[in-house]
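Following: one structure in structure tokens, then a few remarks.
What follows is calculated from the coordinates using simple rules that are stated; it is not laboratory data. All values reported here derive from a predicted model rather than from experimental measurement. So basically every Cβ, Gly included, is an ideal-geometry build from the backbone, and we count neighbours across all protein chains shown.
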Amino acid sequence: MRIKKIESNTNSIFKELSTLLTAKGIKKSQKCLMSGEKIIAEHIARQKENNKESFFIYHREEHSLFSLYPAHQLILLPQHLYAELDVVGTHAPLLCAFTSEIKSWNHKSPSSKREILCALGDPSNLGALIRSAKAFGFEDIVLLKESANPFLPKALKASSGLSLDMHFYEGPSIQELSSEDTSLFALDMHGEPLESFSPPSSLRLLIGQEGLGVPQTLSFQRLAISMDSGVESLNATIAASIALYQISMSRKKL
């Protein structure tokens with residue numbers, strides 16, 4: 001394994017790595033920091049043809065991951081500098097990987113028959129949604145302006161690294177969506193019961209912001225999850241996961 005030692009936070013490589021903790025830095029460099037031994041191993045296994053483009057970051061020269069993937073370079077940092085990058089707190093090697101492109105969204109021409117429009121601003125919630133989306137066959141996600149970046153460390157960790165396998169599109173603000181889009185359905189507690197909903201062949205599911213939900217001023221078709229009267233609402237990601245499962249099962253019965 002090739003090893004490059006960095007001792008100072010003024011080093012240009014470390015400075016670039018530090019920018020990967022921000023959405024702006026990720027967008028500029030098209031790289032991200034992945035954490036979690038199992039997540040990294042699974043990602044490398046899925047992306048064999050691109051493995052040599054990635055590199056490890058750690059504060060020691062020895063780790064079990066390194067023997068499995070000796071072709072990867074190691075950026076060796078002092079422990080205090082490594083800790084600045086290990087924001088998730090795994091205390092294990094990080095992987096610097098290349099992100100997939102976030103394309104512009106054309107609302108008039110859906111890229112697939114199943115899309116998610118997302119306004120989740122919390123990276124961990126977004127990552128959990130991505131994991132559920134992948135599990136239930138929704139691989140196209142439109143990131144509204146209110147949404148977090150899917151390649152932030154916490155989003156990557158919560159998605160189990162699946163953010164790098166999805167198709168992302170850059171969309172408008174949730175306030176700018178057109179209610180004339182008949183394929184768009186908003187998940188909302190005041191909508192049609194989800195269990196009686198028959199999904200159309202082309203469907204876009206809108207997930208609103210945490211706490212705020214979908215603005216009531218927008219006249220979208222709405223879907224609701226039936227709950228006991230003692231529960232007012234669900235966490236946005238949990239609600240979205242239930243909806244994705246229900247829609248997936250309904251479509252399989254068609």
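Give me the count of lysine pairs in region 102-253 whose alpha carbons sit under 22 angstrom apart, restricted to pairs 8 or more positions apart or on different chains.
Count of close lysine pairs: 15.
Quick one: in the chain, what % of C-alpha pairs are over 26 Å apart?
Tail fraction, whole percent: 44.
Per DSSP H run of at least 4 residues, take -39500 (n - 2.57); add these up for the chain, divide by its residues and hand me the 222 nm value, nearest 500 deg cm²/dmol.
Computed ellipticity for the chain at 222 nm equals -8500 deg cm²/dmol.
How long are the three semi-axes of the equivalent ellipsoid for region 102-253, computed from the Cα gyration tensor as the root of 5 times each eigenvalue, in whole Å, largest first?
Semi-axes (√(5λ), whole Å): 21, 18, 16.
Net charge around Ser67, counting only other residues with Cβ within less than 14 Å of its Cβ (Lys, Arg = +1; Asp, Glu = -1)?
Result for the neighbourhood of Ser67: -2.
Once you list every other residue whose beta carbon is under 9 Å from the beta carbon of Ala92, what net charge do they have if Lys and Arg are +1 and Asp and Glu are -1?
Here the count lands on -2.
Looking at region 3-98, I'd like the Rg to Rh ratio, where Rg is from alpha-carbon atoms and Rh is Kirkwood's inverse mean 1/r.
Dividing the radius of gyration by the Kirkwood radius yields 0.93.
Run the numbers on the chain and let me know its relative contact order in percent, using alpha-carbon pairs under 8 Å that are six or more apart.
19
What's the exposure ranking of Met166, Met227, going from fewest to most Cβ atoms within 10 Å?
Starting with the residue having the fewest Cβ neighbours, the order is Met227, Met166.
Based on other C-beta atoms within 10 Å, arrange Ile238, Ile3, Ile102 from fewest to most.
Going from sparsest to densest Cβ surroundings: Ile3, Ile238, Ile102.
Lys27: which aspartates and glutamates have alpha carbons under 19 Å from its alpha carbon, excluding same-chain residues fewer than 8 sequence positions away?
Glu16, Glu53, Glu101, Asp122, Asp140, Glu146, Asp165, Glu170
Between the alpha-carbon centers of region 97-168 and region 60-92, tell me the distance in whole angstrom.
Using only Cα atoms, the two centres lie 27 Å from each other.
In which sequence would Lys134, Lys24 go, from the one with the fewest C-beta neighbours within 10 Å to the one with the most?
With the sparsest Cβ surroundings first, the list reads Lys24, Lys134.
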